[in-house]
Amino acid sequence: MHLKLKDKTCIVTGATSGMGKAIAISFHKAGANLILSGRNEERGNLLAQKIENSIFLAGDISEPKYNKRLVETAIENFGKLDIVSVNAGILGLGNVIDLSVDDWHITLNTNLSSIFYISKYAIPFLEKTKGNILINASIAAYKSFPNHPAYCASKAGSVSLMKQMAVDYAPNIRVNAICPGPVDTPLIWDSAKAFKNPELAVENAGKATLLKRLGKPEDIASLALFLVSEDASWITGTAMNIDGGILNT
Ligand SMILES: NC(=O)c1ccc[n+]([C@@H]2O[C@H](COP(=O)([O-])OP(=O)(O)OC[C@H]3O[C@@H](n4cnc5c(N)ncnc54)[C@H](O)[C@@H]3O)[C@@H](O)[C@H]2O)c1
C-alpha cells in the first residue's frame, strides 16, 4: 500500500471531533506523524493513545502562544514540519444586534486570527520542507445563513487569507482551503439551534444538496488527504467546494 504521508509531520487542529478527527485518522493511516490540537483534554488524550506517533497538546487556538507551542512541539518531537491542517472553528450564533462584541471577537479570533497565528509560526519550517497549509473554511465563505454573520465573515476572511499566503509563499509552500457544505458533526447540530426545529433543519440541510445527504467527516478527510499530498503538487491558492452540490441548487 502506498502511504501518501509517510514520514510527514502534520499539525491537525480541531482534531478531537468531527472533520478534524477524521482528517487526523486518515493522515495517520497514510503514514504521518501527528501533533493533535484541541480543547478537550480527555478526548484528545484518548485519541493520542489510539494513534501511533501522535502527540496531543491541549489549548485555545485563539491564543498566539498556543499556536507557537504547537509548532515547537512538532519540531522538538519530529524534527520538522510538513503540513498544517486547520479545522478548529466555532459558530458564534446571533444576528448583528444580538451578538455581543465579545462573541464577535471570540468567533473571529478562533476561526480567522488563529490561522494567521499558526501560519506565522509554521511558515519558516514549512519553507524548509516545501510543505503546505490546508484550511477548513466553509461554503459560508460565499453563502449567507440566518444568524451567522461572525461565522460567515470569518470564513470569507479565511479564504482570502489562504489566497494571500499562497501568493506570498509560492513556490515553496502550497496553501489551499476546503469549503464543506453541511457535514454531520457536532457543529451542524449547534448551528441548527438557530432554527425552530433543529432536527428538521439538519435533515433539510442534507436534503437540500444535489446528492440528498449530509456529508460525512470521512468525505472531507478524503479531499484533505488528496490536497495535502504530492498528488496535489500543482494545486495552490484554491478553495475547493465539497458540498454535495448545494451551491449549485
Ligand atoms: N459541520 C459542518 O457542516 C461544517 C461545514 C463547513 C465548514 N465547517 C468547518 O469545519 C471545521 C470543523 O468543524 P466540525 O464540523 O468538524 O465541528 P466540530 O465542532 O466537531 O469541530 C470543531 C473543533 O474545533 C475545536 N475548537 C473550537 N474552538 C477552539 C479553540 N478556541 N481552541 C482549540 N480548539 C477549538 C473544537 O474543540 C472541535 O474539536 C470548522 O472550522 C467548521 O467551521 C463545518
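Observations on the structure shown:
- For the stretch 80-134 versus the stretch 184-249, the spacing of their alpha-carbon centroids is 19 Å.
- Per residue of the chain, the DSSP helices (runs of n ≥ 4 H) give a summed -39500 (n - 2.57) that works out to -14000 deg cm²/dmol at 222 nm.
- Dividing the Cα radius of gyration of the stretch 171-249 by its Kirkwood radius returns 1.07 for Rg/Rh.
- Estimated FRET transfer efficiency (residue 72, residue 193; beta-carbon r; R0 35 Å; 0.05): 0.40
- In the stretch 1-124, the alpha-carbon atoms span a convex hull of 103 Å³ per residue.
- Contact order normalised by residue count of the stretch 41-129, Cα under 8 Å, 6+ apart, percent: 35
- When you restrict to C-alpha pairs under 8 Å that are six or more residues apart and normalise by the size of the chain, the relative contact order lands at 19 percent.
- Here the calculated FRET efficiency for residue 233 and residue 52, from their Cβ-Cβ distance with R0 = 25 Å, stands at 0.40, rounded to the nearest 0.05.
- When the square roots of the Cα gyration tensor eigenvalues are ordered a ≥ b ≥ c, the ratio a/c for the stretch 36-88 is 1.5 or more and a/b does not exceed b/c, which makes its shape oblate.
- Length-normalised contact order for the stretch 1-45 - Cα pairs under 8 Å, 6+ apart - percent: 46
- Restraint check, 4/50; 80/207; 6/212, Cα-Cα greater than 32 Å: 80/207; 6/212
- Projected onto its three principal axes, the C-alpha set of the chain covers 50, 40, 38 Å, listed from the longest axis down.
Any read-out appearing in this document is the output of simple, stated calculations on the displayed coordinates, not a laboratory observation. Predicted model, so just to flag it, every value in this text is computed and none were measured. Note: ideal-geometry Cβ built from the backbone for every residue, glycine included; neighbour counts use all protein chains shown.
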